[in-house]
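Below is one structure, written out as structure tokens; the observations come after it.
What follows draws every value from the coordinates through simple rules; no lab data is involved. The structure displayed is predicted, hence computed values, not measured ones. Cβ placement follows ideal geometry from the backbone for every residue including glycine, while neighbour counts extend to all protein chains displayed.
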Amino acid sequence: MVGAFHNLSLDAEDVFQEGLTRAVINVREQKFNGTSTFYTYLTSICRNVCLKELKRPVNIHEVDNNSIETEGSETISEDLISCMTAIKSKMDDACKQIIDLRFGLLQNGEFKNEKVDAFENTRFEEIAKQLNIEADNARQRFRRCMEKFKMVLSKDPEWRELTN
Amino acid sequence: MAKNSTIDDLIEKYLDGTISEAERELFDQRLKNEPVLSEKLSQRILIQKSWLKSAQHNQVKQHISRLIKIEKQRLKSDSRIWLVAASLIVLFGISSLLIFQNSQKQNDREFLAWSKNPNKNFRITQGQQNEVKKYGALDSTRIHKEMADQDYLPANGAVFQVTDTIIFRWPVTSLKEKLVIFDDNWSKVKEVLLPKSVMEYRLNPSTLKSGIYTWILPPDKLRYQFSIK
């Protein structure tokens, strides 16, 4: 399938890995209700990954409709995640760490609890303890990092397009 | 900027749950009336949700990548085992083929030799050939294995021509010191000392007269007979 997409910068293994990751997350979040085989589902996700990579002006939902399986492919959300991942990778580690902690992740970047959607913010006092700094310092560091991050987001055309 | 920071701080306090009851009521009120505040809160929540989703995505991807790596290593080691097995099979096959071909050539050579000189005394049968090779000249050796006691050669009652070679053999475990041969009058005609390492003794029958002989391996008391025509 990957060979059919000319000028694709990803190789088959990258596409498979990315597709499988999205499929696993969708299954976990019960977006895949089993009306088609998992193989078909995975294939359609991988096709979307290829199309996205090529940045073709194709309506991805139309492609999904053509490929039997349409369930649970929240492509916009996935695009937002991809965009976020790309912007995050440009941030410095100290900022990433404080935002991770504030957003309820552990110091190693893992989740505190299994439910990812659980919306919780770790208090600055707790963050300060973990980083061995003052709570006010943690608050200020977070504020500074968030301002910087929001600035980058607001300048990113893809993010702007996806969030407007 | 300062106003923005105040709003951001307020939002963080609101999300923390550290806001007082009075402040919360006021905040809820402002959310209804101030679209900027509402938008900022929505943006903050969207950032957090997409941040967490991105983290989850990375985590799953790393896990899958690890599994793929393990699977690749497993497949690699499996294929290596198969490669070794296949190499051994091929090696075994080639060596068997070479041995078989060599043996066939030997047969052909012997047949050719016999066909050139059929009067010569070839008494070898195909099945015995390999065994006979162990004992020396092909045209003068006879192996007698028809007796039950096959550990001792020649077997009891074996008959030899003067052109044959008599091969005396015994089990490794036998307590032999010497080989003694008696004629039919029970006179000693041959006595050979046998060191431990000696496993066989060859005798040319032409050194003996025609008749029946008995051979023993003292202190072993077993007796075997052979005759020379």
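One table, with the values for the structure above:
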| item | result |
| --- | --- |
| Peptide ranges A:151-164, B:39-52 listed from the most packed, as the mean C-beta count within 10 angstrom indicates | B:39-52, A:151-164 |
| Placed amide H near B:Leu194: partners under 5 Å, 5+ positions off or other chain | B:Lys178, B:Leu179 |
| Charge dipole (region A:81-163, unit charges on Cβ, about Cα centre) - positive-most of A:Trp159, A:Ser82, A:Leu105 | A:Trp159 |
| Net charge, B:Val189 excluded, C-beta distance under 9 Å - Lys, Arg +1, Asp, Glu -1 | +1 |
| Spin-label model distance (nm) - B:Glu177 vs B:Arg223, 7 Å beyond Cα toward Cβ | 1.9 |
| Chymotrypsin sites (Phe, Trp or Tyr not before Pro) restricted to DSSP loop in region B:149-200 with at most 15 other C-beta within 10 Å | B:Trp186 |
| Longest to shortest principal axis, alpha-carbon extents of region A:81-163, angstrom | 38, 29, 18 |
